[in-house]
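This report concerns only the one structure given below.
The values are calculated or read from the model by the stated rules, or taken from the named source; none is laboratory data. Computed from a predicted structure; not experimentally measured. Reconstructed Cβ throughout: ideal geometry from the backbone, glycine too, with neighbour counts over all protein chains shown. For the accessible areas, the whole protein counts, side chains as well, though only heavy atoms, and no ligand, DNA or RNA atoms are used. Shrake-Rupley method; radii C 1.70, N 1.55, O 1.52, S 1.80 Å.
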Amino acid sequence: MPRLLGVDIPNEKRIETALQYLYGVGQHTARKALAELSIKGSVRAKDLKDDEVATIAAYLEQHFVVEGALRRSNLQNIARLKEIYCYRGLRHRRGLPVHGQRTRCNARTRKGPRKTVANKKILRK
Amino acid sequence: MSRSTHKGPFVHPSLIKKVGGQNLKGTKIPIQTWSRASVILPEFVGHTFNVHNGRAFLKVYVTEDMVGHRLGEFAPTRTFRGHQKKDR
């Protein structure tokens, strides 16, 4: 199995698809990279030659922010928001939705599993 | 949809005037404002604003990182002190 940019090992899929297993590479980027390097998207990842793998890796590193670098920059952006005490930063700190969604119900992705409060109904009365 | 670039960022005219005046004089007196929607310009860095949150004015010291955000983002309008604890 070919290794691309460190840890990622795409599998038996077409490279067009296999490339998308990299963080920061989607359909658009994958197709663009392959077109630019004139490699057929339908080739299976295992059938790629070593030098082709190397050129793809080099191309992605050079033209896009992917994998570790992208993860780092995302975290830095969030850290910046947290640091300056702006509204979005506060939402990140609290683990609540950042983009103004409702939190009366739902918002489970950000809030995590429900924490049941005992006797909630009785207390309200 | 975001704002057209030809208009430039929105800043309340009086804020520009006040900050400009203070920069000329080199003073950094806190500026009281209700204009939460005003974008923080690079010229504002180092100034202190008293931003209204609907009830009181909150001190906001502008740092370089805050440029491009709006004044209101730094003056929360809601108070949430946690949920009621059950008492016996």
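Taking a probe of 1.4 angstrom, what is the accessible area of B:ILE16 in Å², to the nearest 10?
90 Å²
Please determine, in degrees from 0 to 90 and to the nearest 10, the orientation of helix B:13-25 with respect to the longest principal axis defined by the Cα atoms of chain B, where the helix direction is its Cα long axis.
70 degrees
On C-alpha positions alone, give me the angle between the axis of helix A:50-63 and the longest principal axis of chain A, in degrees, nearest 10.
Between helix and principal axis, roughly 50 degrees.
Under the rule of -39500 (n - 2.57) per DSSP H run of 4 or more residues, summed and divided by the residues of chain A, what mean residue ellipticity at 222 nm is obtained, to the nearest 500 deg cm²/dmol?
-14000 deg cm²/dmol
What is the local net charge at A:SER38, summed over the other residues whose Cβ is closer than 14 Å to its Cβ (Lys, Arg +1; Asp, Glu -1)?
So the environment of A:SER38 carries a net charge of 0.
Pick from B:ARG55, B:ARG70, B:ARG36 the residue whose mean-square fluctuation is largest in a GNM of chain B, springs joining Cα atoms under 10 Å.
B:ARG55
When Lys and Arg each count +1 and Asp and Glu each count -1, what net charge do the other residues less than 15 Å away from B:VAL11, Cβ to Cβ, add up to?
With Lys, Arg at +1 and Asp, Glu at -1, the net is +4.
In whole Hz and in residue order, list the ³J(HN,Hα) couplings for region B:66-80 that follow from phi through the Karplus curve 6.51 cos²θ - 1.76 cosθ + 1.60, θ = phi - 60°; x for Gly and Pro.
For region B:66-80, the Karplus curve yields 7, 4, x, 8, 9, 4, x, 5, 9, 10, x, 9, 10, 10, 10 Hz.
Let me check against my output: what whole-number percent is the relative contact order of chain B, with C-alpha pairs under 8 Å and at least 6 apart?
24 percent
With axes computed from alpha carbons, what is the tilt in degrees of helix A:67-83 against the longest principal axis of chain A, rounded to the nearest 10 within 0 to 90?
Compared with the principal axis, the helix lies near 30 degrees.
How shielded is B:69-78 by partner chains, expressed as the average number of their Cβ atoms within 10 Å of its Cβ atoms?
That works out to 3 on average.
Relative contact order (percent) for chain A, with alpha-carbon contacts under 8 angstrom and 6 or more residues of separation?
Once divided by the residue count of chain A, the mean separation gives 17 percent.
Using modelled backbone amide H atoms (1.01 Å from N, in-plane), which distant-in-sequence or interchain residues come within less than 5 Å of B:ILE31's amide H?
B:THR48, B:PHE49, B:ASN50
Enter the buried accessible area of the B/A pair, total of both sides, probe 1.4 Å, in Å² rounded to the nearest 100.
900 Å²
Report the gain in length on full extension from A:ASN74 to A:THR103: 0.36 nm times residue separation, minus Cα-Cα distance, nm rounded to one decimal. Numbers along the way, then the final one.
On the way: separation 29, 0.36 × 29 = 10.44 nm, distance 2.42 nm.
Answer, rounded to one decimal: 8.0 nm.
Can you give the net charge of the other residues whose Cβ lies under 14 Å from the Cβ of B:GLU43, counting K and R as +1 and D and E as -1?
Summing Lys and Arg as +1 and Asp and Glu as -1 gives +3.
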